[in-house]
Ligand SMILES: [Zn+2]
């Protein structure tokens, strides 16, 4: 195994002595059978604990649905889930909403998403009761990883990994196809000129990156 790959992946031994690479990220994918009008995943919530030193017995888990909300800066939890978990507030948060603002209690929870994607010690604010969801997953969680939503063939696929490992850039993909075969030092085919009227080299124009 090349050293580069060894740095990227940890290794663990299975009982059969086979050593398998252990990727350095966790991921979940949800494939809808049609176009999704919103992104919802199963989630289970517990009172916060340190996963490296879990209490015995583990705190009660409440399964519910999480709405992925890129319009929410912070994650939120409904009063009914708070009640099921018997959570105690750790503070308050002023929440601005249509028609004014109000002060809501905050709680510390652990979040368990499908396929072992989990977050410990998440501060969540209590929100209004919402039909069908117990949890709103906000940007502070989404921003810890890479999220993609694709709709190829009218099927919404949502994929998320933590931590973030790379950017996705469809413009770069387009440029790669459009300018395939152009050398880095060739004049850029777009014809853009510098101050002296000379066509800029591809590597300094559309060939950047
Ligand atoms: Zn160009």
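The values are calculated or read from the model by the stated rules, or taken from the named source; none is laboratory data. If you're wondering where the values come from, they're calculated on a predicted model, not measured in any experiment. All Cβ positions, glycine included, derive from the backbone under ideal geometry; neighbour counts span all protein chains shown.
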Based on what the data block shows, is residue 136 closer than 17 Å to residue 71 by Cα and modelled with pLDDT under 95? no
Candidates 128, 140, filtered to the one that is assigned to a loop (DSSP other than H, G, I, E, B) and away from the ligand (no atom under 16 Å from the Cβ): 128
So, in the stretch 182-207, exactly how many residues are more than 9 Å from the ligand (Cβ to nearest atom) and in a loop (DSSP other than H, G, I, E, B)? 10
Residue in the stretch 66-77 that is more than 19 Å from residue 143 (Cβ to Cβ) and assigned by TED's automatic domain parsing to the domain that holds residue 145 present: no
Check residue 9 against each of (1) surrounded by fewer than 16 Cβ atoms within 10 Å (Cβ to Cβ); (2) modelled with pLDDT under 95; (3) under 22 Å from residue 148 (Cα atoms); (4) touching a strand residue (DSSP E or B) at 6+ places or on another chain (Cβ under 6 Å) and name the one condition it does not meet. (3)
Identify the residue in the stretch 162-177 that is within 15 Å of the ligand (Cβ to nearest atom) and touching a residue at least 12 places away in the same chain (Cβ under 8 Å) and, among all such residues, is surrounded by the fewest Cβ atoms within 10 Å (Cβ to Cβ). 172
Those strands (runs of 3 or more DSSP E) lying entirely in the stretch 12-123 with at least 3 residues surrounded by fewer than 16 Cβ atoms within 10 Å (Cβ to Cβ): 19-22, 26-31, 91-97, 100-112
Please state which of the following conditions residue 158 fails to meet, knowing it meets all the rest: (1) within 16 Å of the ligand (Cβ to nearest atom); (2) surrounded by 13 or more Cβ atoms within 10 Å (Cβ to Cβ). (1)
Only one of (1) more than 30 Å from residue 109 (Cβ to Cβ); (2) crowded, with 18+ Cβ neighbours inside 10 Å; (3) assigned by TED's automatic domain parsing to the domain that holds residue 69 does not apply to residue 152, and that is (2)
